[in-house]
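Written below as structure tokens is the structure these notes are about.
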Amino acid sequence: MLKIAYDPIYAHPLPEGHRFPMLKYELIPAQLLHEGLITEANLFSPDKLSEEIILWTHDKAYWEQLRDLKLPAKEQRRIGFPLSAQLVEREIRIGQGTIDGCHFAFQHGVAFNVAGGTHHAGTNWGEGFCLLNDHAMAANYLLNNQLASSILIIDLDVHQGNGTAQIFEKESRVFTFSMHGANNFPYRKEKSDLDIPLPDGIADDEYLGLLYNTLPNLIAQQKPGFIFYLAGVDVLASDKLGKLALSKDACKKRDEFVFQQAISNHIPVQVSMGGGYSPQIKDIVEAHCNTFRVANELYF
């Protein structure tokens with residue numbers, strides 16, 4: 001069964017006019033339920049993540065500032081969301097959802113988090129709508145519980161996974177792969193184990209060619225026991241922050257290829273959705289739902 005982490009807290013209220021499309025977190029599961037791809041049984045609501053697990057990844061002083069709502073105003077502006085107890089609870093439920101998804105992926109091959117992909121959060125900072133790094137926390141959870149000894153993080157959001165790269169810069173058991181816009185946020189990049197910076201305006205064939213030529217060799221070299229996949233849809237030509245020129249079809253083919261590689265190599269994969277900022281919310285939701293549709297078709 002396709003298991004999907006979702007809780008109403010994911011759609012956090014924001015000030016009117018805020019550019020982050022929180023509504024997508026309600027609309028994605030609603031659309032999947034509407035078309036009959038899933039039922040309520042596919043969805044699960046994660047609990048709160050424990051402080052112990054958070055501190056395997058994030059700095060204690062930073063976490064306590066978040067927890068106690070004492071993060072300096074400058075650091076809150078860097079995150080881009082007004083800090084609140086509900087926002088912090090949202091983040092730790094997302095983190096637990098990704099960890100729960102790992103267990104379901106071991107059972108079923110794949111599992112999803114409707115939110116997550118909070119790859120800009122580093123050891124002691126939040127940034128770009130990310131407070132805590134769900135994939136990093138889940139990777140450290142797998143390592144510390146001897147559930148995986150080699151992990152590959154495939155980050156195909158349009159923005160570099162700078163926080164993830166920083167967290168694992170000295171951890172040889174986690175290989176970080178980021179394929180992102182060269183001239184996009186974050187403007188101060190970290191060094192992933194493999195970065196593929198993309199020129200503005202790159203379109204379907206060139207983008208997919210790079211992925212097709214890179215990922216099979218990477219998996220063959222690294223032999224990961226687990227894959228985290230960040231499936232951002234801000235690569236779309238319609239995205240107002242992306243600067244790339246991919247069609248929805250190419251975005252879908254991207255997802256299909258990642259899943260095919262995981263399946264052919266018998267590697268479980270947990271998927272977090274990442275960014276998407278197209279002006280029309282329907283374009284964001286449709287592209288995200290395609291990721292679920294492809295996984296359901298290939299796995300179940």
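The values are calculated or read from the model by the stated rules, or taken from the named source; none is laboratory data. Given the structure is predicted, the values throughout are model-derived calculations rather than measurements. Cβ sites come from the backbone with ideal geometry, for glycine too, and all protein chains shown count toward neighbours. Just so you know, the surface numbers come from the protein's heavy atoms only, side chains and all, with ligands and any DNA or RNA stripped out. Shrake-Rupley method; radii C 1.70, N 1.55, O 1.52, S 1.80 Å.
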Completion exercise
With criteria (1) open to solvent by less than 60 Å² (accessible area, probe 1.4 Å); (2) at pLDDT 95 or above, residue 26 comes up short on (1)
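Counting just the residues of region 237-284 that are of a type in the set (S, T, N, Q) and not in a helix (DSSP H, G or I), which one comes out nearest to the chain's Cα centre (by Cα)? Explain how you work it out, then say what you get.
Of region 237-284, the ones of a type in the set (S, T, N, Q) are 238, 247, 260-261, 264-265, 270, 272, 278, 280.
From what is left, the residues that are not in a helix (DSSP H, G or I) are 238, 247, 265, 270, 272, 278, 280.
Numbers: 238: 20, 247: 20, 265: 21, 270: 9, 272: 4, 278: 17, 280: 21 Å.
Result: 272.
One residue is enough: does region 218-236 have a residue meeting the conditions part of a helix (DSSP H, G or I) and either open to solvent by less than 10 Å² (accessible area, probe 1.4 Å) or closer than 23 Å to residue 20 by Cβ (or both)?
Here is the first cut: in region 218-236, the ones part of a helix (DSSP H, G or I) are 218-222.
From what's left, either open to solvent by less than 10 Å² (accessible area, probe 1.4 Å) or closer than 23 Å to residue 20 by Cβ (or both): 218-219.
Checked region 218-236: at least one residue is part of a helix (DSSP H, G or I) and either open to solvent by less than 10 Å² (accessible area, probe 1.4 Å) or closer than 23 Å to residue 20 by Cβ (or both).
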Exercise for the section: Could you run through region 37-95 and say how many residues are charged (D, E, K, R), open to solvent by less than 60 Å² (accessible area, probe 1.4 Å) and under 30 Å from residue 16 (Cβ atoms)? Expected result: 5
Handout entry: Residue, farthest from residue 270 (Cα to Cα), within region 189-217, restricted to residues that are in a helix (DSSP H, G or I) and either hydroxyl-bearing (Ser, Thr, Tyr) or in contact with a Pro (Cβ under 6 Å, 6 or more places away or on another chain) (or both)
Key = 207
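Just to verify a result, which residue in region 248-300, among those that are of a type in the set (A, V, I, L, M) and open to solvent by 50 Å² or more (accessible area, probe 1.4 Å), is nearest to residue 212 (Cα to Cα)?
Residues of region 248-300 that are of a type in the set (A, V, I, L, M), as a first pass: 250, 258, 262-263, 267, 269, 271, 273, 281, 284-285, 287, 294-295, 298.
Cutting the leftovers down to open to solvent by 50 Å² or more (accessible area, probe 1.4 Å) gives us 263, 281, 298.
Values: 263: 15, 281: 29, 298: 18 Å.
The selected residue is 263.
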Handout entry: Tabulated pairs, region 257-275, first in contact (Cβ under 8 Å) with a residue 60 or more places away in the chain, second among the polar types (S, T, N, Q) and in a strand (DSSP E or B), C-beta under 8 angstrom, 6+ apart or interchain
Key = 270/113; 271/113; 272/113; 273/113
